[in-house]
Each structure stands twice: as structure tokens, then as C-alpha cells.
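Okay, so here's the structure we're looking at.
The values are calculated or read from the model by the stated rules, or taken from the named source; none is laboratory data. Values in this document were obtained by computation on a predicted structure and should not be read as measured data. Cβ: placed from backbone, ideal geometry, glycine included. Neighbour counts: every protein chain shown.
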Amino acid sequence: MHSNIHDGGFNMYFAYDPNGDGFMTFNTESEARKYANYILEMEREYAYDEGEWSEDVDGVCWGKIIENAKSFEPDYEDDYDDDDDEEYGLYLDYKLASV
């Protein structure tokens, strides 16, 4: 049902389970919403068994990922010392970009 990569690249949808799997990505809106509803059902069962809702139930959510971190090669100034890259392994940097 879920994974981080699909045929077209990065998954576009997510669901968040604050008491279980955490942040999960999905190929489709339908999968993400279905999983979020499944999490709520598990929370509901917990509430029936324990007599109260968990403290984190309001953190259950799903949505569309708009941007994610993508690597790029930095455009260093002329006075930049390339030896710093070798010492720290900084050949790439990251920025947020549209998925």
C-alpha cells in the first residue's frame, strides 16, 4: 500500500500516525486518506478498550506533499576552499523544491 518511491518518483501523499508508524508516504490521495481512516479506527478501538482517547489522536492527518528536499551542487564563490569539501564531504547541498 505505501512506500517512499513509485514509478514516477517521489510519492505525492502522506498520512501521519502519532502513536504508531509515524510519517508514511503513498502513491495516491485515496491510499493516504484510507490509511488515516484506518489509524482513526485503531484509535477508536483503543478508546473503547481504555475508556478514553489517546492524547495524540488529534495528530492523525493526511495530505499532499508540495515540496521535498532535493540535492544540488552549490555554486561556490571564487574564494571558497575546495579542501573544506574533502574534509567534511560537502559535495552537495539540499533545498526544498516542488515534487
- Task: Please tell me if Tyr35 is closer than 24 Å to Ala97 by Cα, assigned by TED's automatic domain parsing to the domain that holds Cys61, crowded, with 19+ Cβ neighbours inside 10 Å and touching a residue at least 12 places away in the same chain (Cβ under 8 Å).
- Result: no
- Query: Among the residues of region 1-54, how many are of a type in the set (Asp, Glu) and at pLDDT below 95?
  - Reply: 2
- Item | Members of region 55-99 found to be of a type in the set (Ser, Thr, Tyr) and either modelled with pLDDT of 95 or more or surrounded by fewer than 10 Cβ atoms within 10 Å (Cβ to Cβ) (or both), listed by number | Tyr88, Ser98
- Which of the residues that make up region 7-32 are part of a strand (DSSP E or B), of a type in the set (A, V, I, L, M) and either in the same structural domain as Ser98 (by TED's automatic domain parsing) or touching a residue at least 24 places away in the same chain (Cβ under 8 Å) (or both)? Ala15
